[in-house]
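The values are calculated or read from the model by the stated rules, or taken from the named source; none is laboratory data. Predicted, not measured: the structure shown is a model, and the values here were computed from it. Quick reminder, even Gly has a Cβ in these numbers, built from the backbone with ideal geometry, and neighbours come from all protein chains shown.
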Amino acid sequence: MSELKVAVVILNFNGKYYLEKFLPGIIAHSSPHTIIIADNGSTDDSVAFLEKNHPGIAIIQNGGNYGYAEGYNLALQNIEADYFILLNSDVEVTENWIVPVISLMEGDSRIAACQPRILDHAQRNLFEYAGAAGGFIDKYGYPFCRGRIFNSLEEDTGQYSSATEIFWASGACLFVKAKAFREAGGFDKDYFAHMEEIDLCWRLKNLGYKIYAEPASIIYHIGGGTLNKLSKRKTFLNFRNNLITYTKNNAPGFLFWKIAYRLNLDGVAAFKFLLQGQPKHFFAVLKAHYYYYCWLPKTLAKRKTMKKMPGFRFTVTEIYQANIVTEYFIKHKTKFSELSERFSAK
């Protein structure tokens, strides 16, 4: 592994607080690998802080806030490495957090991306929302995780301690082979933030790669460092980008009807926001649908382009063949282990 070039790349936007808090631990536990800060046009004194207190850390300045997707695209095009580790600034890493994941990925050339076990920084016995022990989607494109379904977080009792194939790996700490990242075309810059890692992982799977989780590696994530869970902007991005991801990457069988059904479910969610006294989130969903329709020609063009890529084949693996909304809200299944074994055959 010492011969591999591994770059830990932290995208920063006005994150001096998190850099002060977590960068020393990242430095201590990431040797001998390279650590790079990709600054997304911060207006605080993040860069000055780094230059003064960590002069050995390389800094790439993007010159503006391009969001997660294009911010990383711009930075990674200037980095030569075998592996990229895309790490949120609000993450505490632990000793030996890199070795288990890289070892797993080196053992299988088809594993393009992987994530560690992600636990909550405040409640350290709980899985964290953004990834937990590995991400999945249902047949309508709704994401969930081993250890987290919607807002229900499970306690980590070792129930998901085995390395396993998943559908998507979390962008909070995403290990990805540089060659595969570039082959897939990187992140879709139109996303700005949220769901871009699911889109990337789906495209990688459609190119014949596998996505894994390696819980032997553990990190602690604060979450909401850029947009908190109450943000109407986050609601808009999640709904818009999820619909785009589903339309771009899903297999063609009954796709129109699945999208129509999904749009209706989004409508139910929007009116639920309204009934809960959250009109801003109601309008955020409507805005997401408006942009989805406006961008539909561009989305379909991207889908057509991807289908022409060498080795492309719509994936059917690791998709939950039921409706996670029904499973959770009607059948009250709040744990991953309670779901039926209705995943697509490998």
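Looking at region 1-76, the helices (runs of 4 or more DSSP H) lying wholly inside it that each contain 2 or more residues that are touching a residue at least 40 places away in the same chain (Cβ under 8 Å) and crowded, with 20+ Cβ neighbours inside 10 Å sit at 16-29, 67-76. When residue 188 is tested against the conditions (1) crowded, with 24+ Cβ neighbours inside 10 Å; (2) in contact with a helix residue (DSSP H, G or I) (Cβ under 6 Å, 6 or more places away or on another chain), the lone failure is (1).
Once region 294-342 is narrowed to residues that are surrounded by 14 or more Cβ atoms within 10 Å (Cβ to Cβ), in a helix (DSSP H, G or I) and hydroxyl-bearing (Ser, Thr, Tyr), the residue that is modelled with the lowest pLDDT is 328. For region 46-64, a residue qualifies if it is farther than 17 Å from residue 90 by Cα and over 27 Å from the mean Cα position of the chain (by Cα), and the qualifying residues are 48, 51, 52, 53, 54, 55, 56. Among the residues here, residue 99 qualifies as out of contact with any Cys (no Cβ under 8 Å at 6 or more places or on another chain) and among the β-branched types (Val, Ile, Thr).
In region 107-123, the residues that are touching a residue at least 12 places away in the same chain (Cβ under 8 Å) form Cβ pairs under 9 Å with partners that are among the basic types (Lys, Arg) and buried (at least 24 other Cβ atoms within 10 Å of the Cβ), at six or more places apart or across chains, as follows: 112/205. Taking each residue of region 279-296 that is in contact (Cβ under 8 Å) with a residue 60 or more places away in the chain and looking for partners that are surrounded by 15 or more Cβ atoms within 10 Å (Cβ to Cβ) with beta-carbon atoms closer than 8 Å, six or more apart or interchain, yields 295/190; 295/244.
Within region 92-125, the set of residues being more than 22 Å from residue 188 (Cα to Cα) and within 14 Å of the chain's Cα centre (by Cα) comprises 116, 117, 118.
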